[in-house]
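The values are calculated or read from the model by the stated rules, or taken from the named source; none is laboratory data. Owing to the predicted nature of the structure, the values given are computational and were not obtained by experimental measurement. Positions of Cβ are backbone-derived with ideal geometry, glycine not excepted, and every protein chain shown enters the neighbour counts.
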Amino acid sequence: MVIVALSIFLFLIFTVLGGFHFYWLFGGVWGLKSVIPTKENELSNLSIPKLATLIVGLTLTLFGLLYLVKSGLINVQIPNWIINYGYWFIPSIFILRAIGEFNYVGFFKKIKNTKFSKADTEVFSPLCLIIGIIGILIQLIHI
């Protein structure tokens, strides 16, 4: 029952995150200034390619669906390599994202006074850590 609840929780998180990316893909601008890393005291002139936004949105949605399968609420045959490795890979990605690349993102970033870095410290990195921990818990409980 715990695996079901945690898997549904991750499904919901990934669905919302994927939804944001689809919103931005189709021209939405809310929150966009807070999600792109910048150097200190600089505005971002970075234009994220629509294809990259689509890929991230689809990937996050797929991650959510994989956890819905994990919950047992939908029954889809998944290749063994996904079961053996994928459910460890997903939380690993998010724990690494929470740690960061030591410059712009993660708990150990150097640049800390931008709009993005503040959002990263308060929301993005903690959320990534929570996703990673829950994903690992699901795997450990399931063993």
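Sort through F63, F11 and tell me the only one that's at pLDDT 90 or above and closer than 22 Å to E122 by Cα. Working first, answer last.
Working: F63 fails: closer than 22 Å to E122 by Cα.
On inspection, the qualifying residue turns out to be F11.
Looking at G132, G57, which is the one that is at pLDDT 95 or above, within 17 Å of V4 (Cα to Cα) and surrounded by 12 or more Cβ atoms within 10 Å (Cβ to Cβ)?
On inspection, the qualifying residue turns out to be G132.
Can we say I48 is in a loop (DSSP other than H, G, I, E, B), out of contact with any Gly (no Cβ under 8 Å at 6 or more places or on another chain) and of a type in the set (A, V, I, L, M, F, W, C)?
Considered against the rule, which asks whether it is in a loop (DSSP other than H, G, I, E, B), out of contact with any Gly (no Cβ under 8 Å at 6 or more places or on another chain) and of a type in the set (A, V, I, L, M, F, W, C), I48 comes out as yes.
Looking at I55, I82, I90 in this structure, which one is assigned to a helix (DSSP H, G or I) and within 18 Å of L137 (Cβ to Cβ)?
So the residue among I55, I82, I90 that is assigned to a helix (DSSP H, G or I) and within 18 Å of L137 (Cβ to Cβ) is I90.
Any idea which of S47, S71 is crowded, with 17+ Cβ neighbours inside 10 Å, over 24 Å from T121 (Cβ atoms) and out of contact with any Leu (no Cβ under 8 Å at 6 or more places or on another chain)?
Going through S47, S71 in turn, the sole match is S71.
Working only within the range 84-110, note down all residues that are touching a Cys at 6+ places or on another chain (Cβ under 7 Å) and of a type in the set (F, W, Y).
Scanning the range 84-110 gives a single hit, F94.
Could you please find all residues in the range 102-143 being hydrophobic (A, V, I, L, M, F, W, C), over 18 Å from the mean Cα position of the chain (by Cα) and under 30 Å from L68 (Cβ atoms)?
Matches in the range 102-143: L140, I141, I143.
Restricting to the range 23-44, and then to whatever is over 20 Å from the mean Cα position of the chain (by Cα), closer than 14 Å to T114 by Cα and of a type outside the set (A, V, I, L, M), can you tell me which residue is modelled with the highest pLDDT?
K39
Looking at (1) closer than 18 Å to G31 by Cα; (2) assigned to a helix (DSSP H, G or I); (3) at pLDDT below 95, find the lone condition where Y104 falls short.
(2)
Anything in the range 107-127 that is in a loop (DSSP other than H, G, I, E, B), under 16 Å from S34 (Cβ atoms) and not aliphatic (A, V, I, L, M)? List them, or say none.
Answer for the range 107-127, where residues must be in a loop (DSSP other than H, G, I, E, B), under 16 Å from S34 (Cβ atoms) and not aliphatic (A, V, I, L, M): K109, K112, N113, T114.
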